[in-house]
Amino acid sequence: MNRLDASVVAVNCEASLALVEVELDNGTRLTAMMAGGAGAFVPGARVTAGFKSAEVSLAKGALGRISLRNRLVATIDSLDLGRLMARVTLDCDGHKIVSLITARAASDLELAPGDAVTALIKANELSLWIEAGDGPC
């Protein structure tokens, strides 16, 4: 599980759905979608944003217009290419995260250490934890 420290910036609710916007220490903003409301999340609260490696898509080059708002500019630190899957370790402004993609996708993108990429995470795949808590809120 990838984990990044962040602060809650805004909480927007409608019915039983909430979008919680957080900001990483480097200024990058991410949005988490939460069913059942935002609970204890309030602006200024310190949280941990977590997401599975298999939920991190990679883009190389211009993105064009896409719906994914959670974008982390990164450099590939290492690439472990297996027969079916590739484990790509990324440096996002000093934060290490991992993306698990198919080997075919890594080959099609011609990924290599040192390449600039954008890590993409859907809002519904981003979990938030209050720092003092043991798990997802």
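Throughout, read-outs are computed from the coordinates displayed, never taken from laboratory work. From a predicted model like this one, the values you see are computed outputs, not experimental measurements. With ideal geometry, Cβ positions are generated from the backbone for all residues, glycine too; neighbour counts draw on all protein chains shown.
Which of A40, A74, A123 ends up with the largest GNM mean-square fluctuation for the chain, with Cα atoms connected below 10 Å?
A40
Using only DSSP helix segments of four residues or longer, with each worth -39500 (n - 2.57), what per-residue ellipticity at 222 nm results for the chain after dividing by its residue count and rounding to 500?
Taken over the chain, the calculation gives -1000 deg cm²/dmol.
Find the percent of Cα-Cα distances in the stretch 2-130 that exceed 21 Å, and round it to a whole number.
41 percent
Counting only other residues whose beta carbon sits under 9 Å from that of E55, what net charge do I get with K and R as +1, D and E as -1?
Net charge around E55: +1.
Taking the Cα centre as origin and putting +1 on Lys and Arg beta-carbons and -1 on Asp and Glu beta-carbons, what dipole magnitude results for the stretch 2-130, to the nearest 20 debye?
With only Lys, Arg, Asp and Glu charged at Cβ, the dipole is about 260 debye.
What full-extension length gain, to one decimal in nm, is calculated for A59 and E23 as 0.36 nm per residue of separation minus the Cα-Cα distance?
10.8 nm
Could you please report the charge total around L24, scoring K, R as +1 and D, E as -1 over all other residues with beta-carbon less than 11 angstrom from its beta-carbon?
My count for the surroundings of L24 gives -3.
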